[in-house]
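Colleague: Encoded as structure tokens, here's the structure I'll be asking about.
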Amino acid sequence: SCYTCVGKGSNLDHKCDSCNDGFYLAESTKSCYSKDTSLERYVFDNTQGKFVFCYSSCLFCSGVGDDTNHKCTKCKSGYFPLVDDSTKCYPTTAIIPGYFYDSTNYIFSRCYFSCKFCISYGDYNSHLCTTCNDLYYPLEDNTQNCYNSDILGYYFVSNIYRRCYTSC
């Protein structure tokens, strides 16, 4: 694959200075590959005429990613995809609005819709929010449940739903 080299190469380090026709350098290496080669952590960029790094969370990718669009086709070890966008990969410690890490399924799953952040799957009776979504507010006696409209038995004041007085 080398046109010129700086020494005897190996499978891991080709030691190329330049590549033969139809072969291209991988960024930050001295190795040449054909552009249809599937390389871990790299993608071929036609514009630059070389293999460039995938986004840092990707093992394999479909293009050069960024913070908002990772473009992963497979997450690197220790990183996991969003349930509804497998091209984005995050470490288990990531705090992502609207998601929580589901260690049973090795994926970031969606919080209940009223939550900005949550501890697990929520439902109608138990939202499991740690922080309410924008324009949603907690119940004073169950801060894991968040609402944005009138709730029977509660009144809204100062960004919280307070329980109404109950008489005998």
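The values are calculated or read from the model by the stated rules, or taken from the named source; none is laboratory data. This one's a predicted model, so the numbers in the text were calculated from it and none came from an experiment. All Cβ positions, even for glycine, are placed from backbone atoms using ideal geometry, and neighbour counts span all protein chains on display. Quick note on the areas: whole protein, heavy atoms, side chains included, nothing else; ligands and nucleic acids left out. Shrake-Rupley method; radii C 1.70, N 1.55, O 1.52, S 1.80 Å.
Colleague: Would you list which lysines come within 30 Å of Lys116, measuring only between C-alpha atoms, while excluding same-chain residues fewer than 8 positions from it?
Modeller: Filter leaves Lys71, Lys74, Lys76, Lys88.
Colleague: Solvent-accessible area per residue for the chain at a 1.4 Å probe radius, Å²?
Modeller: Dividing the accessible area of the chain by its residue count gives 63 Å².
Colleague: Using a 1.4 Å probe on the protein chains only, how many percent of the accessible area of segment 1-73 belongs to carbon and sulfur?
Modeller: Here it works out to 47 percent.
Colleague: Distance in nm between label sites at Thr68 and Ile151, each 7 Å beyond Cα in the beta-carbon direction?
Modeller: 3.4
Colleague: So for the chain, averaging the separation of alpha carbon pairs under 8 Å that are six or more residues apart and normalising by length, what relative contact order in percent results?
Modeller: This gives 9 percent for the chain.
Colleague: For segment 129-140, what does the Karplus curve 6.51 cos²θ - 1.76 cosθ + 1.60, with θ = phi - 60°, yield as ³J(HN,Hα) per residue in whole Hz, taken in order and with x for Gly and Pro?
Modeller: 6, 9, 9, 6, 5, 4, 6, 10, 9, x, 7, 5
Colleague: Dividing the alpha-carbon Rg of the chain by 2.2 N^0.38 Å yields what?
Modeller: For the chain, the normalised Cα radius of gyration is 1.62.
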